[in-house]
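The values are calculated or read from the model by the stated rules, or taken from the named source; none is laboratory data. The shown structure was predicted, so the numbers you read here are calculated from the model rather than taken from an experiment. Methodologically, a virtual Cβ is constructed for each residue, glycine included, from the backbone with ideal geometry; neighbour enumeration extends over all protein chains shown. The protein model used for the area step is the full one, side chains on, heavy atoms only, and it has no ligands, DNA or RNA in it. Shrake-Rupley method; radii C 1.70, N 1.55, O 1.52, S 1.80 Å.
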Amino acid sequence: MGRAALDAFSADPAVRTIGLSRRAPEDGCPAEWVQADLMDRQTLASDLHELGPITHVVYAALQEEPDLITGWSESTQISANVEMLRNLLDALAQNRQDIEHLTLLQGTKAYGIHHGTYKIPARESDPRFIASNFYYDQEDLLKARSKDAGFAFTVLRPQIVCGFAIQNPMNALTAVGVYAAICKELGQPLRFPGGPACFQQATDAGLLARAIRWAGSEPRARGETYNIANGDCFSWPTIWPGIAHRFGVELGVAHSFSLARVMADKGPVWDTIVRKHDLRPYAFNEIVANWQFLDFTFRHATTSPQHSIVSTIKARKHGFHDCEDTEDMFARIFDQLSDERILPGQDA
């Protein structure tokens, strides 16, 4: 999400774009860069001191637990994510930054998807789920701070954001491509490892970036929350044959299993693929930081939620009409990942 937002804002020569993260920027990053740690309250304000005026903030930071799914309900995960946002707001205030707008990014955990299937379709007016959630605490903090400081904010809730970023624990589409490439290298068919078919939605990272730009300039978006998705729905088992064809691997019979377990020892196989196809030398645990998210997305476990559909009508009524064909998006991103030597090409 952050990478897509940087690309979108940097494409406008009238906008000065600044990225902030603990890691150094990737080669070719179009934005200015601040290497800082949102957990380091003592130095964060000084890291921001020389930046000059900042008008808009896109908050895409996220701290996850090693046990990803269980971690979504842990108090340590909740407190860490609230602390990071609080530290950033404090640092901006200490530097007398009178920001105009902040975009906060959430997701369907706001509707309790990690506890089971929610009401379909979910709407932004639905009440909060009973369980603790850092989304709620961050939002409450932001409401209080924005009221005191006089800036506006907008909350966006995408589903299964598809793009690419190193060490992203929820990089679903890249993980699918890595799984397919490993199956091909091992001479294995591409088995769908998930549960029964269900309907889900996805969000193109570029579309989300356009929604972020829209929210930062649309008066009706001030203080509002919007579901953001491509506009259609899909089912993994239905599109699975096309994925197998895309990577030139035999389609296997569906077989439910945990990728988090099965892929744990496949690092050496990925290293072989990188050398054989002259891919960029990302380590296995960099390119897919956590396979648990794919297990969750594929609905592997019998306790997993099923359908996941949100209404995007509110955003459309307020002026954001962008949409994307999800299957076309999958094909385009797979091509992009091949062109950038992240995944093997179609003819590899």
Could you please tell me which pairs satisfy a Cβ distance under 7 Å, a separation of 6+ or placement on different chains, a first residue in the range 251-269 that is of a type in the set (Ser, Thr, Tyr), and a second residue that is surrounded by 12 or more Cβ atoms within 10 Å (Cβ to Cβ)? Ser256/Pro193; Ser256/Gly194; Ser256/Gly195; Ser256/His300; Ser258/Asp295; Ser258/His300
Name the one entry in Pro25, Pro30, Pro66 that is in contact with a Leu (Cβ under 7 Å, 6 or more places away or on another chain) and over 23 Å from Phe151 (Cβ atoms). Pro30
Any idea which of (1) at pLDDT 95 or above; (2) farther than 30 Å from Arg299 by Cα; (3) outside any loop (DSSP other than H, G, I, E, B); (4) open to solvent by 50 Å² or more (accessible area, probe 1.4 Å) is the one Asp37 doesn't satisfy? (3)
Cβ-Cβ below 7 Å, separation at least six or inter-chain, first residue in the range 13-30 and more than 21 Å from Leu44 (Cβ to Cβ), second part of a loop (DSSP other than H, G, I, E, B) and open to solvent by 80 Å² or more (accessible area, probe 1.4 Å): which pairs? none
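Of the residues Trp214, Trp240, Trp270, only one is of a type in the set (Phe, Trp, Tyr), modelled with pLDDT of 95 or more and open to solvent by 10 Å² or more (accessible area, probe 1.4 Å); which? Talk me through it step by step, then tell me what you get.
Details: Trp240 fails: open to solvent by 10 Å² or more (accessible area, probe 1.4 Å); Trp270 fails: open to solvent by 10 Å² or more (accessible area, probe 1.4 Å).
Checking each option against the conditions leaves just Trp214.
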Condition set open to solvent by 70 Å² or more (accessible area, probe 1.4 Å) and of a type in the set (S, T, N, Q), scope the range 120-166, selection farthest from Ala24 (Cα to Cα): answer is Ser125
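Do the conditions hold for Arg86, that is, is it under 28 Å from Gln42 (Cβ atoms) and either open to solvent by 20 Å² or more (accessible area, probe 1.4 Å) or of a type in the set (D, E, K, R) (or both)? Can you show your working first?
Details: under 28 Å from Gln42 (Cβ atoms): yes; either open to solvent by 20 Å² or more (accessible area, probe 1.4 Å) or of a type in the set (D, E, K, R) (or both): yes.
Considered against the rule, which asks whether it is under 28 Å from Gln42 (Cβ atoms) and either open to solvent by 20 Å² or more (accessible area, probe 1.4 Å) or of a type in the set (D, E, K, R) (or both), Arg86 comes out as yes.
Find the residue count for the range 337-348, including only residues that are crowded, with 17+ Cβ neighbours inside 10 Å and in contact (Cβ under 8 Å) with a residue 60 or more places away in the chain. Break it down into steps so the answer makes sense when it comes.
So the first thing to find is which residues in the range 337-348 are crowded, with 17+ Cβ neighbours inside 10 Å, and the list is 337-338, 342-344.
If we keep only those that are in contact (Cβ under 8 Å) with a residue 60 or more places away in the chain as well, we get 337, 342-344.
Total meeting the criteria: 4.
With respect to Gly28, is the statement that it is within 25 Å of Arg210 (Cα to Cα) and either assigned to a strand (DSSP E or B) or at pLDDT 95 or above (or both) true?
Details: within 25 Å of Arg210 (Cα to Cα): yes; either assigned to a strand (DSSP E or B) or at pLDDT 95 or above (or both): no.
No: the conditions fail for Gly28.
With respect to Val58, is the statement that it is under 19 Å from Leu156 (Cβ atoms), within 22 Å of the chain's Cα centre (by Cα), at pLDDT 95 or above and open to solvent by less than 30 Å² (accessible area, probe 1.4 Å) true? Walk me through how you get there before you give the answer.
Working: under 19 Å from Leu156 (Cβ atoms): yes; within 22 Å of the chain's Cα centre (by Cα): yes; at pLDDT 95 or above: yes; open to solvent by less than 30 Å² (accessible area, probe 1.4 Å): no.
No: the conditions fail for Val58.
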Conditions (1) more than 18 Å from the chain's Cα centre (by Cα); (2) surrounded by 12 or more Cβ atoms within 10 Å (Cβ to Cβ); (3) of a type in the set (A, V, I, L, M); number of the one not met by Ala14: (2)
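Of everything in the range 330-348, what is touching a strand residue (DSSP E or B) at 6+ places or on another chain (Cβ under 9 Å) and either within 25 Å of Glu124 (Cα to Cα) or basic (Lys, Arg) (or both)? Give them in sequence order. Step through it out loud before you land on a result.
Our first condition is that a residue be touching a strand residue (DSSP E or B) at 6+ places or on another chain (Cβ under 9 Å); within the range 330-348, this holds for 330, 332-333.
Matches in the range 330-348: Arg332 only.
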Could you grab the pairs with beta carbons closer than 7 Å, sequence gap of 6+ or different chains, first residue in the range 90-118 and hydroxyl-bearing (Ser, Thr, Tyr), second one buried (at least 18 other Cβ atoms within 10 Å of the Cβ) and part of a strand (DSSP E or B)? Thr103/Val58; Thr103/Tyr59; Thr103/Thr154; Thr103/Leu156; Thr108/Ala122; Thr108/Arg157; Thr108/Val310; Tyr111/Ala122
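Could you please find all residues in the range 217-237 being part of a loop (DSSP other than H, G, I, E, B) and buried (at least 20 other Cβ atoms within 10 Å of the Cβ)? Step through it out loud before you land on a result.
We begin by selecting, within the range 217-237, every residue part of a loop (DSSP other than H, G, I, E, B); these are 218, 222-224, 229-233, 235.
Passing the criteria: Ala229, Asn230.
At positive phi and either buried (at least 19 other Cβ atoms within 10 Å of the Cβ) or modelled with pLDDT under 95 (or both), is that true of Arg96?
Numbers: at positive phi: yes; either buried (at least 19 other Cβ atoms within 10 Å of the Cβ) or modelled with pLDDT under 95 (or both): yes.
Answer is yes for this residue.
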Check off (1) touching a Pro at 6+ places or on another chain (Cβ under 7 Å); (2) more than 30 Å from Glu340 (Cα to Cα); (3) open to solvent by less than 40 Å² (accessible area, probe 1.4 Å) for Phe192 and give me the number that stays unchecked. (2)
Go through the residues of the range 254-276 one by one and say whether even a single one is assigned to a loop (DSSP other than H, G, I, E, B) and of a type in the set (Val, Ile, Thr). no
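Within the range 325-336, can you find the residues that are in contact (Cβ under 8 Å) with a residue 12 or more places away in the chain and surrounded by fewer than 20 Cβ atoms within 10 Å (Cβ to Cβ)?
Within the range 325-336, the subset in contact (Cβ under 8 Å) with a residue 12 or more places away in the chain is 325-327, 329-331, 333-334, 336.
Correct list: Asp325, Glu327, Ala331, Gln336.
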